[in-house]
1. Could you size up the charge dipole of segment 21-104 around its Cα centre, putting +1 on the beta carbon of Lys and Arg and -1 on that of Asp and Glu, and report it in debye to the nearest 20?
2. If you stretched the chain out fully between VAL56 and SER114, how much longer would it get, using 0.36 nm times the residue separation minus the C-alpha to C-alpha distance?
3. Could you look at the chain and say what percent of its accessible area is carbon and sulfur, using a 1.4 Å probe and all protein chains?
4. Compare GLU49, GLU62, GLU84 in a GNM of the chain, Cα atoms joined below 10 Å, and give the one with the largest fluctuation.
5. More than 17 angstrom separation, counting every C-alpha pair in segment 30-72; what % is that?
6. Mind checking which of PHE66, PHE96, PHE36 has the largest fluctuation in a GNM of the chain, springs on alpha carbons under 10 Å?
7. Would you mind pulling out the separation of the Cα centroids of segment 85-119 and segment 20-84, in Å?
8. Rg/Rh for the chain to two decimals, with Rh computed the Kirkwood way over all alpha-carbon pairs.
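The values are calculated or read from the model by the stated rules, or taken from the named source; none is laboratory data. Small disclaimer: the values here were computed from a predicted structure and weren't measured. Here Cβ is always computed from backbone atoms with ideal geometry, including for glycine, and neighbour counts include all displayed protein chains. Side chains are part of the model used for accessible areas, which takes the heavy atoms of the whole protein and leaves out ligands, DNA and RNA. Shrake-Rupley method; radii C 1.70, N 1.55, O 1.52, S 1.80 Å.
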Amino acid sequence: MRLQLPLFPGYVFVRMALVDRLRVLQVPSLVRLVGFNGQLAALPEYEIEGLKNGLVNGVRAEPYPFLTTGRRVRVTRGPLAGLEGILVRRKNKIRFVVSVGLIMRSIAVETDASDLAEI
């Protein structure tokens with residue numbers, strides 16, 4: 001049995017026009033939209049597409065503590081190609097950690113060192 005958990009607990013990502021903001025806010029259990037100083041904030045399109053592409057192509061990811069410092073790398077090939085993140089080691093395995101600064105959350109993916117390039 002394989003347990004599936006949300007990668008970003010408490011967050012739902014939507015693509016919407018600003019005029020639909022009120023309609024989105026009426027969704028049951030929705031608390032608020034992410035923003036700063038009264039302005040809505042959007043995740044960069046490349047981050048969303050990179051994560052979506054990886055997950056659709058079977059990349060196994062899991063939530064990870066939010067990271068902002070460490071050895072920065074870029075994925076050079078595979079479903080996550082182009083994404084940047086931080087290289088960490090865990091239990092003798094290499095992990096690529098993608099941090100989404102807007103929501104201060106990260107995910108980790110096991111990867112092969114040959115698929116990464118230092119930035």
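1. Working: 14 positive and 5 negative charges, 85 e Å.
Once rounded to the nearest 20, the dipole reads 420 debye.
2. Working: separation 58, 0.36 × 58 = 20.88 nm, distance 2.18 nm.
In short, 18.7 nm is gained.
3. Details: 4670 of 8730 Å².
Result for the chain: 53 percent of the exposed heavy-atom area is carbon or sulfur.
4. GLU49
5. Details: 545 of 903 pairs.
Above the 17 Å cut-off, segment 30-72 has 60 percent of its Cα pairs.
6. So, out of PHE66, PHE96, PHE36, the one fluctuating most is PHE36.
7. Answer, in whole Å: 14.
8. Details: Rg = 15.9 Å, Rh = 15.8 Å.
On the Cα set of the chain, Rg over Rh gives 1.01.
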